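Remarks on the structure that follows.
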Amino acid sequence: GESARESQEVFLLEKRCWQWCFSPFRFVLESTPSGKRPLQPFLSLCFCFGVCFCLGASMERKVVVGLFVLIVAAAWAQQCTTPGGCGLNPNADTLTSVFQGLGGTGSPGAKLVAEVVARDLQGSVFGGKTHEAMMALRSHNMATLAVWVMDTLLEQEGYHLEDIVTMRANLSVLTSEQLLALKNILFEFSISGFYTPYRNLAFRACEILLFDRVVEGAAKSYVSGNVVFYAPQLAADRSFAISSPMPPIEGAPGLNYRPSNPSILATPDGYIVLLRAVNYRHTHAKDFVSDSPDGVFRSRYFALLADHNFGIRGRHEVSLRHVRRAVLPSTRFRNEGVEDARLVAHGGRVWFTASAYDQSALSRIRMVLCQLATSPDAAGDLRVTSWTALTGPNADVDEKNWLPFSDGTTLHAFYSLGPETIATRLHPADGHWDPFSRHRSPLDLSRFRGSAGPLPHTVRGVAGLLTVVHEVSLRQDGGRYYVHRFVWLAPGRNAAWTVQLASHMFYLDHLGVEYVAGMAPAHDAPQVLLTAGLEDTEARMYAVSLTTIDEMLRPLPTIG
């Protein structure tokens, strides 16, 4: 907090100093109505002298002398740019002249700045190309100056970066070409701003570009890979490991299954947690290796019964051995068991959806709906008593990440939250596709993938549903980063479920492979409990206050 404020004060001081620097040059380069400024040539030469020494100095004495002269000239320039002074404010042409003058000092940094303004940003900022020039500044550790140049030239058009990214600016008067040019500037700001005190605003600029349908291709991919480094850690009230003994891997002495991706459901007695156990390893969600001698990737599930304080009262393996189901062996995958189960209560019973690899004649991943027994069998296992393969809109695509919920009479699921928000009814009898709500947002929600929820949640008196989505960004080495955000939906036009609010993206423990697979209301506090797997080697629970979530939720950023 204090250091951030100090950094911002330094940045603003730097900007003011550059503003001071423009006036003396303008006094030399431009005539004035009175034509009587006898000290301008002398003071401007002093200023040039100071700049030359500061930018090109190689000896400490030169730096001191240059700074002294610079301060004297800047102090006089400040008087000329304050109300009641000379009343001169720099415009784009002035900036060009100033930076061309600086370019003549011989300093590589100054030449780059001169090139930025003279070649790429001269005249209307909406008519220029900024990428090469801003990239040159960043490569010479001049990101703060790059941001300042962008903001100052936008100011000539009547805008400020802060007003634009916080959606306070009126951009309705801009043409489509001007909006596109503005988005190019935001793209540069989303990169340069990371290294400046305006980092939070640059994070916001990244998200504007992510949600913009016009931004696509290489630019969208670049922002997608860059934005994760802005993401903050989720402000959880507490977190702890979800611990349970892991069974040994068959045929691999000394190796055990690893905990991963738990789901959670609140019950009158406490909670049920479905804890996934896996027999494989990976590096950054690539190069997956099975520890089983036969190379098969196996997932097993264990139902943990916990009290209100999360004390474990019982542990039972979830058994598929006795349920009737058709098996269609896959030719694409070597996977056994179901993956990424998500719990839901309906009709007094416990159900879950999951991904299965042996339910498609086309060797596609398919969603299944399962019902759990109410009590363990004689072997201590918790049997799956019913199994239904669910049908999606297209049999020739892999189906994952459906989010089940119940309205008390019917089972539903969010089939997708983006690019189109689709809710479907779930039919345990035959699993047929039955969508009842569809809405396509004008924004780009294609990165949203279902993670957890939904839970009933009211925002400002409006009843809706709270979910968690995950987003995937590629690493330079081909691996993946997983980040999350809260998303709130409410009935919109034609009563269709519509994404209304979303939080900024966040990570839980570290920037890497994290996967939220469960969300439930806490029994004894106004909190939401998130359950997540970390790197497919650890399972954790995070308690987040409802107040924190409400403060994070806000309209999706857009500039039109």
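Quick look at the numbers
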{"item": "Scattering curve values for the stretch 227-332, log₁₀ I(q)/I(0), Debye with Cα scatterers, q = 0.16, 0.18 Å⁻¹", "result": "-0.96, -1.09"}
{"item": "Per-residue ³J(HN,Hα) for the stretch 197-213, Karplus 6.51 cos²θ - 1.76 cosθ + 1.60, θ = phi - 60°, Hz, x for Gly and Pro", "result": "x, 8, 4, 5, 5, 5, 4, 4, 4, 4, 5, 4, 5, 5, 8, 8, 6"}
{"item": "Of all accessible heavy-atom area on the stretch 192-350, the percent that carbon and sulfur account for (1.4 Å)", "result": "52 percent"}
{"item": "Summed side-chain charge close to residue 315 - residues other than residue 315 whose Cβ falls under 13 Å, Lys, Arg +1, Asp, Glu -1", "result": "0"}
{"item": "Shape category assigned to the stretch 478-560 from the gyration tensor of Cα positions, a/c cut at 1.5", "result": "oblate"}
{"item": "Potential extension, residue 494-residue 374 segment - 0.36 nm per residue separation minus Cα distance", "result": "39.3 nm"}
{"item": "Accessible solvent surface per residue of the stretch 176-229, calculated while the other protein chains remain in place, 1.4 angstrom probe, Å²", "result": "39 Å²"}
{"item": "Derived scalar couplings ³J(HN,Hα) [the stretch 234-240; Karplus, 6.51 cos²θ - 1.76 cosθ + 1.60; whole Hz; x for Gly, Pro]", "result": "5, 7, 7, 5, 6, 8, 7"}
{"item": "For residue 449, residues with placed amide H under 5 Å, excluding near neighbours", "result": "470"}
{"item": "Amide H partners (placed H, <5 Å) of residue 498, local residues excluded", "result": "490, 492"}
{"item": "Chain lengthening between residue 239 and residue 294 when straightened (0.36 nm per residue, less Cα-Cα)", "result": "16.1 nm"}
{"item": "Per residue accessible area of the stretch 237-281, 1.4 Å probe, in Å²", "result": "41 Å²"}
{"item": "Charge-dipole axis of the stretch 325-387 as Lys and Arg at +1 and Asp and Glu at -1 on Cβ define it, positive-most pick from 385, 333, 361", "result": "361"}
{"item": "Tensor-based shape of the stretch 390-471 (alpha-carbon gyration tensor, a/c under 1.5 rounded, otherwise prolate or oblate)", "result": "oblate"}
{"item": "Electrostatic dipole magnitude of the stretch 204-311 [Cβ: Lys, Arg +1; Asp, Glu -1; Cα centre; debye, to 20]", "result": "180 debye"}
{"item": "Semi-axis lengths (Å, descending) of the ellipsoid that matches the C-alpha gyration tensor of the stretch 149-289", "result": "46, 19, 14"}
{"item": "Cut-off 15 Å, label 7 Å out along Cα→Cβ of residue 349, residues of the stretch 427-452 by amide N", "result": "427-431"}
{"item": "Convex hull projection area averaged over all views, the stretch 324-437, Cα basis, nm²", "result": "7.7 nm²"}
{"item": "Sulfur and carbon atoms: percent of accessible area, the stretch 407-560 [1.4 Å]", "result": "50 percent"}
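The values are calculated or read from the model by the stated rules, or taken from the named source; none is laboratory data. From a predicted model like this one, the values you see are computed outputs, not experimental measurements. Ideal geometry is used to build each Cβ from the backbone, glycine not excepted, and the neighbour counts take in all protein chains shown. The protein model used for the area step is the full one, side chains on, heavy atoms only, and it has no ligands, DNA or RNA in it. Shrake-Rupley method; radii C 1.70, N 1.55, O 1.52, S 1.80 Å.
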